[in-house]
Each structure stands twice: as structure tokens, then as C-alpha cells.
Amino acid sequence: MSNEHPIGAKYDRLIARAKEVPPAKTVVVHPCDETSLRGAVEAAELGIIIPTLVGPRAKIESVAREHRLAIGKYELVDTPHSHAAAAKGVELVREGKGEMLMKGSLHTDELMREVTSSSTGLRTERRISHVFIMDVPTYPETLFVTDAAINIFPDLEVKRDIIQNAIDLWVQVGLGHPRVAILSAVETVTSKIPSTIDAAALCKMADRKRITDGMLEGPLAFDNAIDPEAARIKGIQSPVAGRAQILVVPDLEAGNMLAKNLIFMAKADSAGLVLGARVPIVLTSRADSVRSRMASCAAAVLYAAARRGDAKKAAAA
């Protein structure tokens, strides 16, 4: 009997859940190729976003004509080039005209430079981090991998924010309270591997409620984080070991290798969001499948809806 789970089923559930909440006002920055413009249009046609397209009008309209994408009913804010589109997109969010930001065909660094600007960006007191939302056919759970895209060598305090960002996303998209594995090369604490000491400290932070809403365990090696038998053989007794839902990597290099290994060797689908800014940011790649793009959008929409609800509660209190 196969241990594989239906490909895309986890994403389909996420997308179905996103259809149940009001669509999110979404600023789409420089959607000047077919992939990025089609992604925004399809998410809008699915009823999960209301897009504002920001970029060179002539270029966006030309792409729409060439690929028969109907964009006439969407607001289009004309800018001369991608730099201006990134700046304008962030400005629109700051003005309250967008609940989420979606990257188009500009480089990630170009968009994130505007997002992280100390004077005009979208920073909060929380460190900005990236979460891969992975649908691995051989694993029963949705897997989050963080941070494999933004923070290169995070210190202990940054890791705390990375973990809390991922937990908040897990909770707010309606997946419950997650089991969080803090990964290293081994499952024992040793001064020779600093990430094991960080893992132990992060677990103590969770005990003291400096990290909330998730169950943390670490250090764990990858095998005993995701395989119950590997955890049993090592004698690790924990509700997280062997059943992790969020994998926290020691640094970007390890995370990037892990995520790409899952994508190319285990045939995983990968969606992704940037968290810790004023709004969730959808970062898609040209290599992403349509379902991955929709899953990224769906997660951001659910996150934005939860934040909308929290804001209403705070206003009513």
C-alpha cells in the first residue's frame, strides 16, 4: 500500500477555506509577465482577492492582450518602471488600500527593499521572515519550513520571531496549534554545534511564554522530527518528535537546501509567504505551479482575514 497522499489535497483544502472568507484587497506589484498577471487574475476570478495592479500600464495591458487575460474591471495604477511600482505598492498598503502585497515579475530584492525601508516601509516590531508552505506527497501533514529565504544567519532573538511568525500563520489559516521542531544535525545539546544550544533556549522561551500557541521541541535531527520510528529508536518521547508540522532550520543555507530537496526529490509543491510586515506578502516564483500560486494567495487571504477580525475585536473592546 502506498504511503503517498493525494498531490495537492492539502492546498485544495486551504484554497477552499479561503473562498469562505471575504476577498482580500491585494496590491499586485509589477505583474508584467504572463505568470504573475495570470496568477492575480485567476485568484480574483476564484473570488479570494480584489487586485490593484501596479506597474507600467502599457506593459501590463500588452501582456493581458497577448494572453487573453481580462483585466478591465481591476484598478490599474500606472508607474514608469519596477522600482516605482514597488514604492507605489508599499505606499498603497501604508494608506490602507491593501491588506496583502503580491510580488509580480520584479526581483524579490527590489520589492523587499521598499518593504523593509525604515522610513517608508512596512516594518513592525517583529522581524520579517519567510515561510515555505509545503505539500509533500509522502507526508501526512502540511509542512512549514522557515526561514529559508530571508534571514541568512539568524541569532536567538531573530529565531524567536521566525518561529512566532510561522506559528501565527499556522493558527490564523485555521490549522490549529502546531508541533514545532527546531532542527539541527543532532538531537542532543552540544557546545560544538551552536544551533543545538539555540534550540534548547528557544524551548525554554516557549516554557516562559515568550513564544506562544505552539508546542516546541529541539534540538531534533530531521529524521526524528518527521519519522515516528526514528524518534522511537532514539528514545525521544515528545508529542512533536516524528510528527512535526513546522520545521525551523538553523540558517538560510540549510533551509534552502531542505526546501529544494523536498521539491525536487520528494516532488513537493511549495507555496510561500513573507510575514512580520504590516501585511502578508506573497512571493511567488516563475517555476511555481498554478496550485502553488493559489495556495500562497489562499494562505495570505486567510491570514489577512484573521488579522481583520482581530482588529475589529480590538476596536470593539
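Values for this structure:
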{"quantity": "Highest average packing first - 39-46, 132-139, Cβ atoms within 10 Å", "calculated": "132-139, 39-46"}
{"quantity": "Ascending count of other beta-carbon atoms within 10 Å, so fewest first, for 294, 102", "calculated": "294, 102"}
{"quantity": "Per-residue ³J(HN,Hα) for the stretch 228-238, Karplus 6.51 cos²θ - 1.76 cosθ + 1.60, θ = phi - 60°, Hz, x for Gly and Pro", "calculated": "x, 5, 4, 5, 5, 4, 7, x, 8, 9, 6"}
{"quantity": "Percent RCO, i.e. relative contact order, over the chain, from Cα pairs under 8 Å lying at least 6 residues apart", "calculated": "22"}
{"quantity": "FRET E, pair residue 285, residue 209, Förster distance 22 Å, beta-carbon r, rounded to 0.05", "calculated": "0.05"}
{"quantity": "C-alpha center-to-center spacing [the stretch 110-136, the stretch 148-185] in angstrom", "calculated": "14"}
{"quantity": "Ranked 243, 126, criterion: other C-beta atoms within 10 Å, fewest first", "calculated": "126, 243"}
{"quantity": "Table column - 3J(HN,Hα) (Hz), the stretch 62-77, Karplus curve with 6.51, -1.76, 1.60, x for Gly and Pro", "calculated": "5, 4, 4, 5, 4, 10, 6, 9, 7, 10, x, 8, 9, 5, 10, 9"}
{"quantity": "Mean Cβ neighbour count within 10 Å, used as a protection proxy, ranking 175-182, 255-262 highest first", "calculated": "175-182, 255-262"}
{"quantity": "Whole-number percent relative contact order across the stretch 75-133, with pairs defined as alpha carbons under 8 Å at least 6 apart", "calculated": "30"}
{"quantity": "Under 20 Å from the Cα of residue 88 - aspartates and glutamates, other chains or at least 8 residues apart", "calculated": "33, 61, 75, 78, 99, 109, 110, 114"}
{"quantity": "Cα long-axis angle, helix 156-172 against the chain (0 to 90 degrees, to the nearest 10)", "calculated": "70"}
{"quantity": "Dipole of the chain [Lys/Arg +1, Asp/Glu -1 at C-beta], most positive-end residue of 222, 235, 93", "calculated": "93"}
{"quantity": "Exceeding the 28 Å Cα-Cα cut-off - candidates 10/260; 25/159; 59/260; 10/97; 10/209", "calculated": "25/159; 59/260; 10/97; 10/209"}
{"quantity": "Projected-area mean, the stretch 254-308, by convex hull of Cα positions, square nanometres", "calculated": "4.3"}
{"quantity": "Average Cα contact separation per residue, the stretch 210-253, under 8 Å, 6 or more apart, as relative contact order %", "calculated": "34"}
{"quantity": "Fewest-first ranking of 26, 35, 284, 212, using other Cβ atoms within 10 Å as the exposure measure", "calculated": "212, 35, 284, 26"}
{"quantity": "For the chain, the spread of Cα positions along each principal axis, largest first, Å", "calculated": "62, 49, 39"}
{"quantity": "Principal-axis tilt of helix 82-94 within the chain, Cα atoms, nearest 10 degrees", "calculated": "80"}
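A short reminder: the numbers here are calculations on the coordinates, not readings from a lab. For clarity, every value in this text was computed on a predicted model and none was experimentally measured. Glycine gets a Cβ as well: all are built from the backbone with ideal geometry, and neighbour counts include every protein chain shown.
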